[in-house]
Amino acid sequence: MTPDVRDGARGRPSRGAPARVLGGTAERPGGQAVGETAWTRVLSLVRQADEVALACHVSPDGDALGSMLAVGLVLRSMGKRVVASFGDRNFAVPRLLRFLPGQDLLVPPAGYPAEPDLMITFDSSTLDRLGLLAVNAGKAREVVVMDHHPSNTGFGTIGIIDPDAAATAVLAEQLIYRLGGGLDRDVATCLYAGLVTDTGSFRHSSTTASAHEMAARLVATGLRTDEIARELWDRSPFGYLKVLGAALERVTLEDGLIWTYVTRLDRAAYGLPYEEVEAIIDVVRRTDEAEVAVVLKEDDLGAWQVSTRSKGAVDMAAVCAALGGGGHRSAAGFTSHESVEATMDNIRALLPRKA
Ligand code: AMP
Ligand code: MN
Ligand code: MN
């Protein structure tokens, strides 16, 4: 693993007293792989700034939006002007994430500073993943990149990048402590959404002791884990069940690979927005007979957004990177403008052959 090597300060211990947080003293868990030089530069830039422009990846998930809003809330409480956004053409907070506090910080990409002095990006592994805001990042004076994807391309002027962090929310919590900010229930709710999203509710291999320790600090603020879980996973419109049914009807199992697809026509029949089908992969990937699961989801513009999962034996980040995307070993994705069959052929060609 290569943590932020750009300042060559890998692995140095943290300086200064541990931050006081509700429920005890945090030993600044997570983010230790990030060099102190990078942290020092970030803190100094943030302290000097009057306005901070925050951005996360397009079609934000709980980690992207949660990390960004948590930091946004804390910066605003410190008297900074804060704008936060993500670069989707159809700018709308996914239904699942509308319960997150701090959404009054959000502005659509058109209202975002054209040339921010200080921009901070969250959970975005490439400049492209910023969508429309990639242009703003290109013109910003400083771009701090906070991320945990091993595939991070090293864009931006300062990297706070730790591939061992379970979520970008881990690094966001670090930033908050280092700025001297505390966790209130709203900030903790945003961070918790990031942590539980990326650990799959503490099921994935990223679920370390320090991930649970972070959860304990967050829960100690009084947040409602039951309500957050219901918002994130346990509700959907009626049409979701019908579209899930259509996807499962055409699921195909072939030699360790399970796959299906969802068209925009499937969704149109029930007025179901694209974001609602993102969870279908979680049903498909449970198949015992398959190591790799793939769901192709046609978006509103006719492109296929491809979700892939492996149980660990196959590196899907490498497969998806070869097809123009990226992600993590066991959860990765890419965008395809080819047909379903051609897209599947591209994937098959990159999967290891079974002996
Ligand atoms: P998803 O299947 O959409 O939940 O995505 C799983 C992971 O794959 C995400 O955490 C991203 O890191 C990555 N990913 C998904 N789509 C893309 C894409 N088009 N380009 C790069 N990475 C992607
Ligand atoms: Mn993400
Ligand atoms: Mn993440």
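For segment 207-220, give me the residue count where each residue is within 14 Å of Ser67 (Cα to Cα) and open to solvent by 50 Å² or more (accessible area, probe 1.4 Å). Residues meeting the conditions: 0. In this structure, Asp186 does satisfy being under 13 Å from Gly66 (Cα atoms), of a type in the set (D, E, K, R) and at pLDDT 95 or above. Of the listed requirements (1) surrounded by fewer than 24 Cβ atoms within 10 Å (Cβ to Cβ); (2) more than 29 Å from Asp234 (Cβ to Cβ); (3) within 16 Å of ligand 3 (Cβ to nearest atom); (4) not small (Gly, Ala, Ser), His204 misses just one: (2).
The rows are residues; the columns are (1) more than 16 Å from ligand 2 (Cβ to nearest atom); (2) surrounded by 20 or more Cβ atoms within 10 Å (Cβ to Cβ); (3) touching a residue at least 60 places away in the same chain (Cβ under 8 Å); (4) of a type in the set (Val, Ile, Thr).
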site	(1), (2), (3), (4)
Glu36	yes, no, no, no
Val82	yes, yes, no, yes
Asn90	yes, no, yes, no
Asp104	yes, no, no, no
Pro109	yes, no, no, no
Pro113	yes, no, yes, no
Met119	yes, yes, yes, no
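What is the residue count in segment 38-80 for residues that are within 16 Å of ligand 2 (Cβ to nearest atom), within 18 Å of Leu183 (Cβ to Cβ) and charged (D, E, K, R)? Count: 1. State all residues of segment 154-172 that are of a type in the set (Val, Ile, Thr) and closer than 21 Å to Asp128 by Cβ; if no residue qualifies, say none. Answer for segment 154-172, where residues must be of a type in the set (Val, Ile, Thr) and closer than 21 Å to Asp128 by Cβ: Thr157, Ile158, Ile160, Ile161, Thr168. If the condition is being in a helix (DSSP H, G or I), under 18 Å from the mean Cα position of the chain (by Cα), away from ligand 3 (no atom under 13 Å from the Cβ) and under 21 Å from Gly66 (Cβ atoms), then segment 104-131 contributes Leu130, Gly131. Scanning segment 326-355 for residues that are open to solvent by 30 Å² or more (accessible area, probe 1.4 Å) and either aromatic (Phe, Trp, Tyr) or under 24 Å from Asp164 (Cβ atoms) (or both) gives His328, Arg329, Ser330, Ala331. Is at least one residue of segment 80-97 assigned to a loop (DSSP other than H, G, I, E, B), polar (S, T, N, Q) and within 16 Å of the chain's Cα centre (by Cα)? For segment 80-97, residues assigned to a loop (DSSP other than H, G, I, E, B), polar (S, T, N, Q) and within 16 Å of the chain's Cα centre (by Cα): absent.
Those residues that are in contact with a Gly (Cβ under 8 Å, 6 or more places away or on another chain) and either closer than 17 Å to Arg129 by Cα or within 16 Å of ligand 2 (Cβ to nearest atom) (or both), I need them from segment 289-320; list them, please.
The first filter runs over segment 289-320 and keeps only residues in contact with a Gly (Cβ under 8 Å, 6 or more places away or on another chain), leaving 289-292, 305-308, 316-317, 320.
Of everything in segment 289-320, those that are in contact with a Gly (Cβ under 8 Å, 6 or more places away or on another chain) and either closer than 17 Å to Arg129 by Cα or within 16 Å of ligand 2 (Cβ to nearest atom) (or both) turn out to be Gln305, Val306, Ser307, Thr308, Met316, Ala317, Cys320.
Those helices (runs of 4 or more DSSP H) of segment 207-297 in which 1 or more residues are small (Gly, Ala, Ser) and more than 16 Å from Ala193 (Cβ to Cβ) occupy 209-219, 238-249, 264-268.
Applying the selection to segment 171-198, what residues are touching a His at 6+ places or on another chain (Cβ under 8 Å) and open to solvent by less than 10 Å² (accessible area, probe 1.4 Å)? Quick ask: steps written out before the conclusion?
To start, the set of residues in segment 171-198 that are touching a His at 6+ places or on another chain (Cβ under 8 Å) comprises 171, 198.
Within segment 171-198, Leu171 is the sole residue that qualifies.
Taking the conditions exactly as written (over 27 Å from Arg141 (Cα atoms) and basic (Lys, Arg)), does Arg185 satisfy them or not? Yes; evaluated as a whole, the condition is true for this residue.
The values are calculated or read from the model by the stated rules, or taken from the named source; none is laboratory data. All of these numbers come straight from a predicted model, not from anything done at the bench. Neighbour counts run over all protein chains shown; Cβ positions are idealised from the backbone, glycine included. Remember, those area values only see protein heavy atoms, side chains included, never the ligands or the DNA or RNA. Shrake-Rupley method; radii C 1.70, N 1.55, O 1.52, S 1.80 Å.
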